[in-house]
Structure formats: structure tokens, C-alpha cells
Amino acid sequence: MWGTGASSTQCEGAAPASDWWDLERAGGAPDSGNGNGFAERHAEDFRLLADLGLRHHRLSIEWARVEPEQGRHDPAAVEHYREILTAAHDAGIVPWVCLHHFTLPRWFTASGGFLVEANRTDVWARHVDFVADTFGDLVGGWQPVNETNYYAWAAYGGQGWPPQHDDPVERSVADEAIHLATAEAAVRLRSTGAPVSSIFGLSAFVAHDDAPETAAAVNGFYESSWDPGIGLFLDGVLRVPRREPLERPDLAGCFDMIGFSFYANAGVRGGHRERHPVDAPRSPLGYGIDGDGLSLVLDRLHEVVPDTPLLVAEFGVGTDDDEFRADYLRRGLAAVEGALTRGIDVRGLFHWTAVDNYEWHHGFEVSFGIIDRDRRVRPSASVLRDAALA
């Protein structure tokens, strides 16, 4: 499956009823405007992607648009997303849908968000069922929550995402809740008959010295970022740091594929993280850029979940140097080809992103698209096109 990924806030702009809209109004993030104009130009975008052979696309149905007030669904927003999904089919694109890509309705965040158990078990569950019932006939696949293992850190670990808290207790509660919310959504969505993939944000952690504290830190990083969601999938036990293990055997095997985003690996020296490789160029977002490093994550996943298909749900690089992007893509494709040769069951690769969009706190300063906002296809897109159409 060759595809691309995007999110509503980034390509349509923040929904007026969302917590990210409030953050922008308060000066906590740049103005997203109408994103890259996808709301109006989606049919054009899908035709461009189909011509490139990228015939799968993940988008998010923004909760704050379809339910701007608790219990009231907006018929115009519902029709808007059905039109987008229909346009994807008309262009020969298989649409995959994400239900939570970092942003939430204002009313949900104000009521405590995922810190409140009933918000997960009742409010969120009803939303999942609504999306399945309302859009399921047009959805080719589900990726229910974006970077499940990142959200709690972003929102409750001082990273500036709403509600902009920095509280380790809240972070651990939210971490547990969002993993449960993701897996519970996956179980509910599988009833539609469409495949369901996770989207974990995964990095490999590589020891850069032989110090005991480094080895301990490597294990700790895996335990906090890989083990909760993947462990819940494997054996139905959720192990979140600072929380008691929680047995949920009903959630074991909840995904059809383990999907993940990859942007960087991390070196560990003396117990602290650093770039890997140490001489890797630095992304505008702060991490080391190394397309070859995708192979480390694929190999480790194959060891951890050897009988489960894998999906590279996001792979891309933010840069204004399109030749650099093309080289990065070639390296990533070589990593996938090598994994296939080693017997690793990789089902697809979704490039992040199709059209340059709003990169959260970085605004429109970082270009991730193989297509610019004026809908000019960049030369680097040919790397994916040649692979997809081969």
C-alpha cells in the first residue's frame, strides 16, 4: 500500500470549536488559517496523488467539527467529510480515517479530557461508534489515534499542546487512558470490516557507550515508549510507568497491523539521549535526520511482534531542499526493501505528507510535502511514484 497521511487541523486549519483554536487565539501557536486549503481542494489533491500511484490516504475526521457541542452533531460537517471520502473513492484513492490527531473539542478538554474515565468509556466510545456508523461505508481503513504514545507527553508533559499542563501524575493517567482509548476504538472499528492499524511514534534507542547507566536508560526508553501500547496488543496487559499493570485481555490483538510513524532514532550516552548517528543533520524540529534508521525500527518490531503485519504509517522529512528529500526517500525505501528481503511483513508506506501543511508550533515554516501549497508536484515525488508504479 503506497499512500500519504495528513490531519484535519494541519490541512484544513483549526476547527473553531477545538482546543487548538483556543490555543492559537491565546498566542500559544501560530495561526493555522485554512491549513493548505484541503477543505476546498481535496478532489484536486486526490487526483494528483492518484497520478503518482499513491492510492491510499489517511485523513482525520475532526471531532470538534462534527460534534462542536456535546451531543449536537453538525449536519454540514458530516456532509463535508462524506464528500471528501467520496471524492477519494472517485479518484481511486482508498481513504483511511484517524479519529484523534492531537486536537479535541473544546468541551471535551474542558471537562477533563482523557483524565476522566467516563470521558473515555462513555463519551469517546459514543464518538467512535458515531464515526463508524456515519462514515464506515466510505472508509477503507482505520488508524484511530495518531501517535498514541506521544499524546500524553505533548499535552501533559510541558510540550505546549492543549491543555498545556506539565504534571507527571496527569501525564501517567493520560498515558494509560489514551492507550486504552486507542485499543478500545480499534476493537469497535474492526466491526466495520475495514482493517485497523495503530500509529505509534517509534524510534530505536542505540547505546553510544558501554556505561551501565546507558544500558539502563535504553531499556527505560523502550519501556516508556514501546511497551505500553505494544504490550497491550501482545498480551492484554497495559504497563504504563508510575501506574499499576492493568489487565485487559479483551484488547489483545486489537489491531490488524502495527503501524508507526518514523522520523528519527536516538543515541544514548551516559544515560542521556543524543542524535543518532551523532553527525546526522538536524531537522528544523530538532531531531537527527537518518532515513537509513527506519531499518532499526522495522527489525525491532519484527522481533517483538514477529507474526503481525507492519505498516510505515508516516515517513518523511521537513526540508526546503528537495534533493535532500529525494535522497531521504530513497534511503527509506531501501530500508523497507531490505526488511522485505529479510522476511519482515511490511504491508505499506504512507509518506508524511502529501501537500505542505501547518506544522503545529512551527506554523508553515517546515515543508514536509511532496507537493507545495500551490499544488506544484516536487521532483522528489518521482521517487515514490517510480516505486509505487513499478
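Among the residues making up region 1-35, those that are crowded, with 24+ Cβ neighbours inside 10 Å, more than 21 Å from residue 94 (Cβ to Cβ) and not small (Gly, Ala, Ser) are 9, 19, 20. Against the conditions (1) without any contact (Cβ under 8 Å) to a residue 60 or more places away in the chain; (2) part of a helix (DSSP H, G or I), residue 172 satisfies every one except (1). Identify, by number, the condition in (1) part of a helix (DSSP H, G or I); (2) under 22 Å from the mean Cα position of the chain (by Cα) that residue 367 doesn't meet. Exception for residue 367: condition (1). What do you reckon, is residue 18 more than 22 Å from residue 56 (Cβ to Cβ), polar (S, T, N, Q) and out of contact with any Gly (no Cβ under 6 Å at 6 or more places or on another chain)? Considered against the rule, which asks whether it is more than 22 Å from residue 56 (Cβ to Cβ), polar (S, T, N, Q) and out of contact with any Gly (no Cβ under 6 Å at 6 or more places or on another chain), residue 18 comes out as yes. The set of residues in region 332-364 that are hydrophobic (A, V, I, L, M, F, W, C), within 18 Å of the chain's Cα centre (by Cα) and in a helix (DSSP H, G or I) contains only 360. State whether one or more residues within region 281-304 are more than 19 Å from residue 264 (Cβ to Cβ), open to solvent by less than 20 Å² (accessible area, probe 1.4 Å), in contact with a helix residue (DSSP H, G or I) (Cβ under 8 Å, 6 or more places away or on another chain) and in contact (Cβ under 8 Å) with a residue 24 or more places away in the chain. No. Taken over region 333-381, the residue count meeting the criterion of being in contact with a helix residue (DSSP H, G or I) (Cβ under 8 Å, 6 or more places away or on another chain) and hydroxyl-bearing (Ser, Thr, Tyr) is 3.
The values are calculated or read from the model by the stated rules, or taken from the named source; none is laboratory data. The structure displayed is predicted, hence computed values, not measured ones. Cβ: placed from backbone, ideal geometry, glycine included. Neighbour counts: every protein chain shown. Accessible surface is based on the protein model in full, side chains and every heavy atom, while ligands, DNA and RNA are left aside. Shrake-Rupley method; radii C 1.70, N 1.55, O 1.52, S 1.80 Å.
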